[in-house]
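Working notes, beginning with the structure itself.
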Ligand SMILES: [Zn+2]
């Protein structure tokens, strides 16, 4: 799989939701262990709200330094669906136990 198609799948709402509910890695689709890694922009890190699905640390590292370049690790996360009046219309992840 090319990096481009992988990134496209990573941002598909259906896939993101499946990763969240099944607790599988957004890159390889295997069950998540700990730590769980998220990749996000500086803004996402600052808000503690990520849009890419959870990943294995190695899988997150394999994505390399792209625009969404910061990597955080956590032992757990909340999956947040946008509320009706939410400015952010995408489902997001809030790490709740940063490592
Ligand atoms: Zn993985």
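The values are calculated or read from the model by the stated rules, or taken from the named source; none is laboratory data. Quick caveat: nothing in here was measured; it's all calculated off a predicted structure. Cβ sites come from the backbone with ideal geometry, for glycine too, and all protein chains shown count toward neighbours.
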In the range 53-74, residues that are assigned to a loop (DSSP other than H, G, I, E, B) and modelled with pLDDT under 95 total 7
Within the range 75-91, residues modelled with pLDDT of 95 or more and touching a helix residue (DSSP H, G or I) at 6+ places or on another chain (Cβ under 9 Å) come out as 77, 79
Taking the range 19-32 and keeping only residues that are closer than 18 Å to residue 78 by Cα, within 14 Å of the ligand (Cβ to nearest atom) and in contact with a strand residue (DSSP E or B) (Cβ under 7 Å, 6 or more places away or on another chain), one is left with 23, 24, 25, 26, 31, 32
For the range 33-52 the number of residues that are assigned to a loop (DSSP other than H, G, I, E, B) and touching a strand residue (DSSP E or B) at 6+ places or on another chain (Cβ under 6 Å) is 5
Scanning the range 1-34 for residues that are modelled with pLDDT of 90 or more and in contact with a helix residue (DSSP H, G or I) (Cβ under 6 Å, 6 or more places away or on another chain), the one farthest from residue 86 (Cα to Cα) turns out to be 28
Sole miss for residue 99 among (1) surrounded by 12 or more Cβ atoms within 10 Å (Cβ to Cβ); (2) touching a residue at least 60 places away in the same chain (Cβ under 8 Å); (3) within 16 Å of the ligand (Cβ to nearest atom) is condition (3)
Going through the range 59-95 in order, the residues found to be within 15 Å of residue 39 (Cα to Cα) and exposed (fewer than 12 other Cβ atoms within 10 Å of the Cβ) are 64, 65, 66, 67
Note on residue 56: of the conditions (1) surrounded by 14 or more Cβ atoms within 10 Å (Cβ to Cβ); (2) away from the ligand (no atom under 16 Å from the Cβ); (3) over 13 Å from residue 94 (Cα atoms), unmet is (2)
